[in-house]
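Working notes for the structure below.
The values are calculated or read from the model by the stated rules, or taken from the named source; none is laboratory data. Keep in mind it's a predicted model, so treat the numbers as computed, not measured. Neighbour counts run over all protein chains shown; Cβ positions are idealised from the backbone, glycine included. Heads up: the accessible areas ignore ligands, DNA and RNA and are worked out on the full protein's heavy atoms, side chains in. Shrake-Rupley method; radii C 1.70, N 1.55, O 1.52, S 1.80 Å.
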Amino acid sequence: MSTEVVSPLRQRMIEDMNARKLGAHSQRSHIYSCKRFAAFLKRAPDTATSDDIRRFQLHLAETGMSICNRNRIMTGVKFLFRVTLRRLDLVAEIYHLREPQKIPLVMSPDETKRLLAVASSLKARILLGLGYGCGLRASEVVRLKVKHIDSAQKIIRIEQSKGRKDRNVMLSADTLDLLRQWWKVRPTRWDAGVPPEERWLFPGRKPGKPMTTRQLSRLFHEAADAAGIKKSVTLHALRHSFATHLLERGTDIRVIQALLGHDKLDTTARYTRVATGMIARIESPLDLLSLPRNKPRKNRKAPPPA
């Protein structure tokens, strides 16, 4: 993150974030949040009062902003006052709202098969195949290097992903074959001076950088349109579908938890709510009672007249 022509307060906040090893995405988000707060105040954030924080949170609510975005902005403001300014009295004025719990939107196995079949190129097929076949996040797919592919053990090593965690995922024979095909036609213009094991599998347009997640998302939506998928799915739906389809095939949920890199089992357990194949096989308690079917009543003859 650039530190040129910035205020002393922002410089100090950047140093605090670097010292705590916050990722580039988190740092950008926190800086944006504090800039938005300063724009609302029309003065430096370090002059804020408790009433200013209260009015800012009301302002965010009145704009119709989603709960997720409101919480994200207040997280950045909270970092400024808690860590950089040490104003715990103002931190106490910041609140977060409970975010709505939504079940992930997934594709059916048939939809996923169609999407991969209509991928416009070998590159698109392998990128989307890694997202679905290994349950990788978009950022994990584009940042794969040669050293991460272990063909001997049939695994892909994901290094320092979300939460600064490493994990291993499966590498199928079909995926390995596609990777070998891609390696033969992969662009090599930025490979000079880079050791083979450190080369990006999917190099980007800038020297020394991988392709962006935005490019990958564009490839996904092109394939989804070509496959005739009408759901409002995003690239992350491949990861959701990976977990859901494994669960429906009977894979232990703790194995899925390890493959996805989740800390808490509760995070993985949400896929039990979208595994429609499992839900359809569950017998209702009413079915287990084996109740006799109701027989239609026969019309009784009217009694003879007295």
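Expressed as a whole percentage, what fraction of the accessible surface of the chain belongs to carbon and sulfur atoms when a 1.4 Å probe is rolled over the protein heavy atoms? Walk me through the numbers before you get to the answer.
Numbers: 10140 of 19270 Å².
Exposed carbon and sulfur together represent 53 percent of the surface.
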- Using the heavy atoms of the protein chains alone and a 1.4 angstrom probe, what is the accessible area of the chain per residue in square angstrom? 63
- Which of 188, 75, 47 fluctuates most in a GNM of the chain (C-alpha springs under 10 Å)? That residue is 47
- Task: Tell me the Kirkwood hydrodynamic radius of region 133-203 in angstroms, computed as one over the mean inverse distance between distinct C-alpha pairs.
- Result: 12.8
- Note on the structure: Label model pair residue 252, residue 15: point-to-point distance (7 angstrom along the Cα→beta-carbon line) in nm is 5.0
- Message: Using Cα springs under 10 Å in a Gaussian network model of the chain, which residue among 184, 230, 42 shows the largest mean-square fluctuation?
- Response: 42
- Query: Do the alpha carbons of any pairs in 154/184; 113/165; 154/264; 147/209 sit beyond 24 Å of each other, and which pairs?
  - Reply: 113/165; 154/264
- Item | Correct option for Rg/Rh (Cα atoms, Kirkwood Rh) [calculated from the coordinates] among (1) 1.14; (2) 0.99; (3) 0.96 | (1)
- Stretch residue 75-residue 88 to full length: gain in nm at 0.36 nm per residue minus the Cα-Cα span? 3.3 nm
- Message: Give the residue list of trypsin sites (Lys or Arg not before Pro) in region 95-141 that are DSSP loop and have at most 16 other beta-carbon atoms within 10 angstrom.
- Response: 98, 102
- Which distance in nm do the two modelled labels at residue 162 and residue 113 give, with both placed 7 Å along the Cα-to-Cβ direction? 2.9
- Inter-label distance, nm, simple model (7 Å from Cα along the C-beta direction), residue 173/residue 225: 3.7
- Calculate, in nm to one decimal, what residue 234 and residue 50 gain on full extension: separation in residues at 0.36 nm each, minus their alpha carbon distance. 62.3 nm
